[in-house]
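The values are calculated or read from the model by the stated rules, or taken from the named source; none is laboratory data. Owing to the predicted nature of the structure, the values given are computational and were not obtained by experimental measurement. Because the Cβ atoms are built from the backbone with ideal geometry, glycine has one as well, and the counts that use them run over all protein chains shown. The area values use the complete protein model at the heavy-atom level, side chains included, leaving out ligands, DNA and RNA. Shrake-Rupley method; radii C 1.70, N 1.55, O 1.52, S 1.80 Å.
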Amino acid sequence: MTNYGLVIDQERCIGCHSCAMSCKQENNVPMGQAWNRVLTVGGDHIDTPEGSYPEDGDDGTLEMSYQPTACQHCENAPCVKVCPVNATYKREDGIVEIDYDKCIGCRYCMAACPYNARVFNWDEPQHRPEEGTGDVEERPQGVVEKCTFCSHRVEEGLDPACVVNCPADARIFGDLDDDGSTVSKYVAEYDTNRLLDEKGTDPKTYYIQGEMSPGRPWKGKELESELDEQPTPEEADDPDSEESMRRATADAVWGDD
Amino acid sequence: MSGEVTERSATSTVRSPVVSSFGTVSKVWLGHLGVLLVAGLGAWAYQLQQGLVVTGMRNVFSWGLYIMLFVMFVGLSAGGLIISSAPKFFHSDRYEGFARLGVLVSLACIIVAGLLILPDIGRPERLYQFFTSPDFRSPMVWDFGIVVLYGVLNVWYLWLLTRRDLAARGSRLAFGAEDTQAGRERDRTLLFWTAAVALPTAVMLHSVTGWIFATQVGRGDWFSPLVAPVFIAKALVSGLGLLLVVSILADRYTGFDADRDELTSLGKMLGIFLAFHVVYLLAAERLPHAWADHFGFWAITSEFLIGDSIYFWLWTGVGGAVPLVLLATPQLRKRLSVIFVAGVLAVFGTLFEGIRLVFTGYESVNIDAAPGISLGGEYAGVTTDIWATTGVYTPTVIELVVTAGIVAVGALIVTVGLRYVPLQRQTEQERYAADSGGGGCD
Ligand code: SF4
Ligand code: SF4
Ligand code: SF4
């Protein structure tokens with residue numbers, strides 16, 4: 001069976017918020033709401049590190065990283081278990097989704113989600129431009145909404161919008177039940193952690209820390225399973241290879257012109 | 001049937017409503033409640049149209065006053081039913097004088113609790129989904145079921161307690177029940193069985209309401225096995241507190257006659273409940289954390305003794321320690337005024353216990369890195385942007401008006417009950433109701 005999951009390489013993430021923006025755009029997320037947000041792990045404010053500057057010959061301890069955060073699509077999802085009317089449910093492919101025609105707006109699921117991944121339409125949703133954006137119908141006032149792993153794209157064989165639009169290739173989407181998929185391989189090979197693992201929600205979003213992975217090793221917008229050939233990290237841009245060095249230099253020069 | 005009526009013994013007792021007619025004061029009182037009700041409906045209509053954006057709730061703090069008061073009114077509904085059914089279960093006539101008023105108050109409270117859910121729901125027109133598509137894993141479905149069951153049980157119980165008297169008075173509310181000796185005997189048995197069902201139902205009601213919170217891993221202190229027992233203790237304290245308050249008020253302003261000795265004895269019982277709830281259970285909840293978090297003896301002790309928020313102190317101090325001292329002092333606890341004040345404070349305290357519970361769940365978030373969580377609307381209180389890393393909540397005027405309207409429904413139920421339901425204490429009567437030439441109350 002298919003069981004979709006997401007790997008986010010925090011070593012690759014550059015904190016550009018492209019995933020957050022493309023999510024908002026693709027999914028027609030109302031003003032004042034965010035399904036996907038890039039958090040700064042560090043100081044008290046966005047883009048600030050924690051620790052101290054290297055002063056008076058001391059070593060500095062500054063540290064900062066980024067943690068893009070959306071629905072973790074938990075295996076043991078408390079939001080699914082609390083929903084009194086089955087509006088929040090788990091699909092066959094593991095995606096946790098909301099039936100916006102069923103949701104009564106009780107917000108029990110918001111209380112249940114330890115990640116604060118859900119938002120509620122407190123009033124009539126506003127969009128800029130007014131007619132909305134992206135490929136998903138707007139949700140009405142009085143219901144809860146959240147990241148859907150872009151199920152509308154996945155059903156068409158496309159990777160989620162945030163994955164395709166990540167300029168650092170830090171987001172990799174795929175089938176965790178397929179041992180050959182890139183996500184499965186990375187979860188096996190790299191140091192990954194899951195947010196609030198101790199809560200027992202069994203999230204399907206994995207964060208790589210420590211050693212950097214080669215990221216999403218294919219270009220284009222297709223799901224990995226739609227590719228004719230399975231991508232291998234070797235075929236992808238190896239940052240140290242001569243070829244990619246040359247290309248990077250060319251890009252830089254071209255960019256300067 | 002008239003033959004049976006005349007066969008009844010001369011000591012038969014028939015009770016009457018404690019308010020024989022609505023005088024000017026009652027009408028002014030009813031008028032006020034009516035105004036509150038209409039204002040509440042208006043505010044709810046406004047909220048339905050504008051959305052819940054007119055409340056103080058936002059994405060981080062997503063449950064507010066409605067749920068806090070739901071928790072409180074579920075607790076308040078315990079008192080009457082337990083005080084009337086516990087003695088019946090043990091075939092005792094103790095506190096008999098409070099049984100009917102108690103069940104009436106329980107009924108009003110559970111109706112208020114149920115109604116408080118309505119304005120909290122984003123799309124109330126879809127509530128039928130509870131029947132067409134329920135998920136039995138959800139504690140909210142369990143709670144929905146048990147609240148409805150408890151409400152129905154209260155209606156049945158109140159009717160069972162009063163139907164023979166209603167019949168004796170020729171009231172249509174008797175729904176065909178007749179005032180006969182045999183009927184009264186049969187009702188005794190039925191009352192025993194109803195009590196036998198009511199007690200576990202009450203225990204379930206408070207436990208399930210506690211489990212709505214206690215099952216949630218993501219909300220700090222909610223996730224504790226102690227929540228359900230604490231809810232039961234809280235229900236005993238606040239329910240009994242409210243029953244005392246209402247009884248004393250009814251005794252003062254209506255024909256209701258509260259037995260002094262029983263009031264004092266119920267007051268003592270409230271003291272015991274308070275001690276169990278605010279002293280014992282709270283200590284049991286706090287000690288392990290204080291012990292595990294600190295090293296030195298005094299550090300452990302002070303962490304254990306010193307509370308956190310203002311709500312904590314309003315609950316344990318004003319609503320716990322003060323009434324406890326009042327009820328524990330022999331010179332004081334016999335006075336009606338003292339019992340009244342203790343009851344009011346006990347109810348007040350549990351209000352803040354509910355408020356504190358909701359705050360502990362939403363005040364801090366598990367992942368609080370900047371910029372935080374989108375709030376989803378301009379915050380009606382005091383903050384500037386759409387991001388938040390902590391939960392802040394102040395109820396708005398709309399929430400207060402809607403809530404007041406719903407509480408007014410409860411007060412209306414009690415007031416109308418005082419007028420039409422025979423709640424009067426047992427008084428020995430000389431004659432049978434049927435012989436008096438049909439002394440119907442309405
Ligand atoms: S992250 Fe939250 S909303 Fe998403 S599946 Fe888990 S509990 Fe549900
Ligand atoms: S707000 Fe909607 S999705 Fe969430 S628990 Fe209630 S009905 Fe289910
Ligand atoms: S998978 Fe789609 S819905 Fe989820 S965060 Fe990415 S863009 Fe948003």
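At-a-glance table
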item: Contacts under 6 angstrom Cβ, first residue in the stretch B:231-247 being within 23 Å of B:VAL358 (Cβ to Cβ), partner in a helix (DSSP H, G or I) and of a type in the set (Phe, Trp, Tyr), 6 or more apart; result: B:ALA233/B:PHE276; B:LEU236/B:PHE273; B:VAL237/B:PHE273
item: Unique residue being among the aromatic types (Phe, Trp, Tyr) and either within 26 Å of A:ARG171 (Cβ to Cβ) or within 15 Å of ligand 3 (Cβ to nearest atom) (or both) when the list is A:TYR53, A:TYR66; result: A:TYR66
item: Residues satisfying the stated conditions in the stretch B:209-219, i.e. more than 10 Å from chain A (Cβ to nearest Cβ) and open to solvent by 20 Å² or more (accessible area, probe 1.4 Å); result: B:TRP211
item: Residues satisfying the stated conditions in the stretch A:162-194, i.e. in contact with a Cys (Cβ under 7 Å, 6 or more places away or on another chain) and under 21 Å from A:CYS74 (Cβ atoms); result: A:CYS162, A:ARG171
item: Which listed residue is away from ligand 3 (no atom under 11 Å from the Cβ), more than 14 Å from chain B (Cβ to nearest Cβ), in contact (Cβ under 8 Å) with a residue 60 or more places away in the chain and not hydroxyl-bearing (Ser, Thr, Tyr), from A:ASP159, A:ASP93, A:ASP135, A:ASP179; result: A:ASP93
item: Yes/no for B:GLY51 being small (Gly, Ala, Ser) and at pLDDT 95 or above; result: yes
item: Any hit, the stretch A:78-85, residues being free of Cβ contacts under 8 Å to residues at least 24 places away in the same chain and away from ligand 1 (no atom under 16 Å from the Cβ); result: no
item: Residues of the stretch B:294-324 satisfying the condition of being of a type in the set (Val, Ile, Thr), without any contact (Cβ under 8 Å) to a residue 24 or more places away in the chain and closer than 18 Å to B:MET68 by Cβ; result: B:ILE310
item: Residue within the stretch B:380-392 that is closer than 19 Å to B:PRO119 by Cα, open to solvent by 20 Å² or more (accessible area, probe 1.4 Å) and at pLDDT below 90 present; result: yes
item: Output for the stretch B:270-318, where each listed residue is open to solvent by 60 Å² or more (accessible area, probe 1.4 Å), among the aromatic types (Phe, Trp, Tyr) and farther than 24 Å from B:TYR362 by Cβ; result: B:PHE276, B:TYR280, B:TRP291, B:PHE295, B:PHE297, B:TRP298
item: Segments classed as helices (runs of 4 or more DSSP H), wholly inside the stretch A:61-156, with at least 2 members that are within 11 Å of ligand 2 (Cβ to nearest atom) and open to solvent by 50 Å² or more (accessible area, probe 1.4 Å); result: none
item: Subset of the stretch A:13-58 (residues that are out of contact with any Pro (no Cβ under 6 Å at 6 or more places or on another chain), of a type in the set (Val, Ile, Thr), assigned to a loop (DSSP other than H, G, I, E, B) and within 13 Å of chain B (Cβ to nearest Cβ)); result: A:VAL29, A:THR48
item: Residue in the stretch B:181-204 that is within 30 Å of B:PHE61 (Cβ to Cβ), more than 16 Å from ligand 3 (Cβ to nearest atom) and open to solvent by less than 60 Å² (accessible area, probe 1.4 Å) present; result: no
item: Flag for A:ASN193 being open to solvent by 30 Å² or more (accessible area, probe 1.4 Å) and within 16 Å of ligand 1 (Cβ to nearest atom); result: yes
item: Test for A:ASP202: is it in contact with an Asp or Glu (Cβ under 6 Å, 6 or more places away or on another chain) and within 14 Å of chain B (Cβ to nearest Cβ); result: yes
item: So A:THR88, is it farther than 25 Å from A:LEU39 by Cα, within 16 Å of ligand 1 (Cβ to nearest atom) and touching a strand residue (DSSP E or B) at 6+ places or on another chain (Cβ under 6 Å); result: yes
item: Selection count where residues are under 15 Å from B:SER106 (Cβ atoms) and small (Gly, Ala, Ser), scope the stretch B:189-234; result: 3
item: Criterion (touching a helix residue (DSSP H, G or I) at 6+ places or on another chain (Cβ under 6 Å), within 11 Å of another protein chain (Cβ to nearest Cβ) and either within 16 Å of A:ARG139 (Cβ to Cβ) or within 16 Å of ligand 3 (Cβ to nearest atom) (or both)) met by exactly one of A:ARG118, A:ARG107; result: A:ARG118
item: One residue from B:LEU423, B:LEU332 being hydrophobic (A, V, I, L, M, F, W, C) and free of Cβ contacts under 8 Å to residues at least 60 places away in the same chain; result: B:LEU332
item: Residues within the stretch B:123-143 that are in a loop (DSSP other than H, G, I, E, B), open to solvent by 20 Å² or more (accessible area, probe 1.4 Å) and at the interface with another protein chain (Cβ under 7 Å from one of its Cβ atoms), tallied; result: 4
item: Single residue of B:GLU353, B:GLU363 found to be more than 14 Å from chain A (Cβ to nearest Cβ) and not hydrophobic (A, V, I, L, M, F, W, C); result: B:GLU353
